[in-house]
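Right, one structure below, let's go through it.
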Amino acid sequence: MAKPRRIDYSSVQKKEPKLKPGAKLWIKFTVAVLLVAFFVIMILVGSPGLGVSKVSDVKTGIDIRGGVSATLYPDVDDIGSVTDEQLQTIQGILENRIEAKGTFDYNMSPDYENKRLLLEIPYTSGDDTNPQKVIDDLGEMALLTFQRWDEEKYGFDENGRFVFLVEESEMKDDDIILDGTDVKDAVAMLNREDNSYMVALSLNETGAEKFAVATSELINRPIAIYLDDELKSYPFVSSAITGGEASITGNFTIEEAVEMANYIKYGALPFAMTAKEINSITPILGESALNVTLNAAFVAFILVVLFMLFRYRLPGLVASIALIGLVASEIFWISAFNASITLPGIAGIILTIGMGVDANVIIYERIKEELKGGIGLDEAIDVGFKRAFSTILDANVTTLITGAALYIVGSGPIKGFALTLIIGIIMSFFTAIIVVKYLLKALASVKTFQKKWLYGIKEVTK
Amino acid sequence: MMELMNKKNYFFILSAVLILIGALFLLINGGFNWDIQFEGGTIIKIEMIDDDYDATAAEADIENLLGKGVTVQKETTFNPEDQESNLALMSIKVSKENTLDSAEINQVIDFLTESSDYNVQSDTQPQIQSVAPFIGVELRNKALMAAGWAMLLIVVYVGIRFRVMSGISAALFGIVALIHDALIMLSVYTVFNIPVNEVFVAAILTIIGYSMNDTIVIYDRIRENSAVMNKADIEKMVNTSIWQSLPRTINTLVTTLLTITTLYIFAAIYNVESIRQFAFPLLIGLTSGSYSSIFIATPLWMMWRKYRIKKKLLEAK
């Protein structure tokens, strides 16, 4: 049997002459252990300072929590005419509307390239709000229009009271004077004359012009205010309004006035938005899927560890320790990036448990080959790592490329998968060349751990 | 050491037959079975107290309500609160031409909840997936683009890294293996008529990465051996390289298959549709990926090298 040869540490010793080669090995060993311990402790207890939560508190995606995701599209013929500013305005308005409904846990993000808004509302247990209804109402809201009615459809009775001559639903002619884009602001105000509330409007320049023309023609006649097809009010014009400031009076209570002002202000979408893609997941199904997937992950992990121990013995044990670090680090980074754990994400972790040991397999097979070739253990480990390095690098880069492609085009849950895949690949690379190498080299320097059977070799064939 | 390379034609034929079967089914089925995610349409799943309800009547009622054709089916799923029982679901499916909008979806849900004919579980959220057809097509194109770009980038990367081993040609044969894997996965999907969706594309992309990874390990061995072994006997060199990297190929296949099979079995036992949808294509792809690296990419590259060497010799004469 060839004696294990010493690695030449002369260059190292020059820098740190006090350290013996063995001490250096064990320092690295400790570093590797601490690294694994760091990730494990982090996900067990969390660290607010690093922005990392413990594993049970990591955000879960709506495919687990339940909830609704929707893609809202502008309801216009030429989608290319929608500007980024318009999209931003709409986003602000819709956010106000969602919050007005008492829903604060949501996420809305604009997609400027495709002119749309992505909305996610997770289900909150104990909260009666049905996310699906929230999205529906958003879609129902509302194009604000000030309209002129056909004068033949209304009149005044003998007491001078205003009356409809047709059904209310038939009044609407879509003869639009102003729409929401013409309104700059709307606030509820107290009308000092009769202590009722009114809504004060201020119009922008084009709005003021249009309003001046219309009000001069409609003195003592009503202007109908519609939100989509719903008649909200029909105040009467007392005099031509030229300054761009108008008020809607009508003996409103304060609540009514505030509601009207909000409708006008928040209803001032340049165009309606409709949900063209809706995904709603029940929390109960998400939860059951989570349990099943976690159990699968646990069993898969155990099986891989058993396989590695059976196939590679001592290095297999080292790989298993590194694997714990790998899984912990994946959860750590998901939390640190403030990403959500999704079901495909967990599937990604499970996949990286299988694929992550690949780097070890490549290295260990190499070490075995070198050992069979008859060289010493220490050298075999060095050669194994050195020769396997470029293979591992090349192999990982290709998986990274596909992971990146997935991350760029994938929707929510798939992004979760791509993220865990990418993190898994990168971390498995580092755990293999740092953690596994340091642990293995230090252990191999101990006489007890130098027996060939510990490395899956029966005998040395020369 | 068994000679693998002289049996290469059998492997080519096996793969060709599998892919042809897929193509045949594609013709019979008249195209891929696109998931509503890639085509448009609506699926609503509502939790029921039990499966004692009339699905045909529900179908008629909802068609009446909306004036649109729907399909209603009974389904069950795993109950997380009680391992012994299953949850009953009513699944309402609407084709792409009739994709429901948000208001119509609520109309259906309100109708079923309020109707006394159907024992809808109160205070649960229905599961809804609704995609307008144009978004489906957009998603599908985007996914295909991603797969295309990923392949292109891999060719470039492998080409650069493997200049020693006749560079781009090695990468191209690696890509042939990737296309082989994607085709095998698609064949299985068409034969079993499984809907193709984003999850499937994600699985294909994962497999592309994995399969290339596998091919690279073998190529790497060839690159290493070509420096020390006799280049003239290329067949022997390739064969040796395959056998040398075989333990790694098999062991990595075993560990990945172990994990994904576990995931698949769990998903199948507990009827977790979304996970099964993910694990199944991965299982096929992993197997195909390892197979194609050894039996497709490597022999093809070897044949190309032999052809080039022969041509060079002829030119020299």
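The values are calculated or read from the model by the stated rules, or taken from the named source; none is laboratory data. The model shown is predicted, which means the values in this text are computed figures rather than measured ones. Please note: Cβ atoms are built from the backbone with ideal geometry, for glycine as well, and neighbour counts cover all protein chains shown.
The conditions of being in the same structural domain as B:LEU14 (by TED's automatic domain parsing) and closer than 19 Å to B:ALA177 by Cα are not met by B:ARG276. The set of residues from region B:134-144 being surrounded by fewer than 22 Cβ atoms within 10 Å (Cβ to Cβ), in contact with a helix residue (DSSP H, G or I) (Cβ under 7 Å, 6 or more places away or on another chain) and at the interface with chain A (Cβ under 9 Å from one of its Cβ atoms) comprises just one member, B:LYS142. Does B:ILE194 qualify as being buried (at least 24 other Cβ atoms within 10 Å of the Cβ), within 28 Å of A:GLY345 (Cβ to Cβ) and either under 12 Å from the mean Cα position of the chain (by Cα) or more than 7 Å from chain A (Cβ to nearest Cβ) (or both)? In short, no.
For (1) outside any loop (DSSP other than H, G, I, E, B); (2) surrounded by fewer than 22 Cβ atoms within 10 Å (Cβ to Cβ); (3) at the interface with another protein chain (Cβ under 9 Å from one of its Cβ atoms); (4) in contact with a Gly (Cβ under 7 Å, 6 or more places away or on another chain), each residue gets a yes or a no:
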residue	(1), (2), (3), (4)
A:SER390	yes, yes, yes, no
A:ALA395	yes, no, yes, no
A:THR402	yes, no, yes, yes
A:ILE408	yes, yes, yes, no
A:ILE414	yes, no, yes, no
A:THR420	yes, no, no, yes
A:THR431	yes, no, no, yes
A:ILE434	yes, yes, no, no
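Among the residues of region B:23-60, those identified as in a helix (DSSP H, G or I), surrounded by 12 or more Cβ atoms within 10 Å (Cβ to Cβ) and out of contact with any Phe, Trp or Tyr (no Cβ under 8 Å at 6 or more places or on another chain) are B:ALA23, B:LEU24, B:PHE25, B:ASN29, B:ILE36, B:GLN37, B:PHE38, B:GLU39, B:ALA55, B:ALA57, B:GLU59, B:ALA60.
Just one of the listed residues (B:ALA170, B:ALA203) is assigned to a helix (DSSP H, G or I), of a type in the set (A, V, I, L, M), within 16 Å of the chain's Cα centre (by Cα) and crowded, with 23+ Cβ neighbours inside 10 Å, and it is B:ALA203. Summed over region A:324-363, the residues that are assigned to a helix (DSSP H, G or I) and at the interface with chain B (Cβ under 10 Å from one of its Cβ atoms) give a count of 19. Residue selection: A:LEU317 fails the criterion of being buried (at least 24 other Cβ atoms within 10 Å of the Cβ) and either in contact with a helix residue (DSSP H, G or I) (Cβ under 9 Å, 6 or more places away or on another chain) or not in a helix (DSSP H, G or I) (or both).
Quick check on region B:1-44: of everything there that is charged (D, E, K, R) and in contact with a Pro (Cβ under 6 Å, 6 or more places away or on another chain), which residue is nearest to B:ILE296 (Cα to Cα)? Ranking the candidates gives B:LYS8 first.
Here B:ILE154 meets each of (1) within 7 Å of chain A (Cβ to nearest Cβ); (2) surrounded by fewer than 16 Cβ atoms within 10 Å (Cβ to Cβ); (3) among the β-branched types (Val, Ile, Thr) with one exception, condition (2).
Would region A:448-462 turn up any residue that is in contact with a Gly (Cβ under 8 Å, 6 or more places away or on another chain), more than 9 Å from every other protein chain (Cβ to nearest Cβ), of a type in the set (D, E, K, R) and not in a helix (DSSP H, G or I)? Among the residues of region A:448-462, at least one is in contact with a Gly (Cβ under 8 Å, 6 or more places away or on another chain), more than 9 Å from every other protein chain (Cβ to nearest Cβ), of a type in the set (D, E, K, R) and not in a helix (DSSP H, G or I), which makes the answer yes. Screening the candidates B:ALA227, B:ALA203 for the property of being in the same structural domain as B:LEU283 (by TED's automatic domain parsing) and touching a Pro at 6+ places or on another chain (Cβ under 7 Å) yields one hit, B:ALA203. Of the candidates A:THR89, A:THR103, A:THR124, A:THR129, the single residue that is assigned to a helix (DSSP H, G or I), of a type in the set (Ser, Thr, Tyr) and at pLDDT below 85 is A:THR89.
Taking the numbered list (1) facing another protein chain (nearest Cβ under 10 Å); (2) surrounded by 24 or more Cβ atoms within 10 Å (Cβ to Cβ) in turn, B:ILE222 passes all entries but (1).
Taking the condition free of Cβ contacts under 8 Å to residues at least 60 places away in the same chain, assigned to a helix (DSSP H, G or I) and either within 14 Å of chain A (Cβ to nearest Cβ) or among the hydrophobic types (A, V, I, L, M, F, W, C) (or both), does B:ALA279 pass? For B:ALA279, the condition - free of Cβ contacts under 8 Å to residues at least 60 places away in the same chain, assigned to a helix (DSSP H, G or I) and either within 14 Å of chain A (Cβ to nearest Cβ) or among the hydrophobic types (A, V, I, L, M, F, W, C) (or both) - is met.
The set of residues in region B:86-121 that are within 12 Å of chain A (Cβ to nearest Cβ), assigned to a loop (DSSP other than H, G, I, E, B) and more than 15 Å from B:LYS68 (Cα to Cα) contains only B:GLN121.
Do the conditions hold for A:THR83, that is, is it touching a residue at least 12 places away in the same chain (Cβ under 8 Å) and outside the structural domain of A:ALA347 (by TED's automatic domain parsing)? Considered against the rule, which asks whether it is touching a residue at least 12 places away in the same chain (Cβ under 8 Å) and outside the structural domain of A:ALA347 (by TED's automatic domain parsing), A:THR83 comes out as no. For region A:370-386, enumerate the residues that are touching a residue at least 12 places away in the same chain (Cβ under 8 Å) and either in a helix (DSSP H, G or I) or crowded, with 24+ Cβ neighbours inside 10 Å (or both). Across region A:370-386, the qualifying residues are A:GLU370, A:LEU371, A:LYS372, A:LEU377, A:ASP378, A:GLU379, A:ALA380, A:ILE381, A:ASP382, A:VAL383, A:GLY384, A:PHE385.
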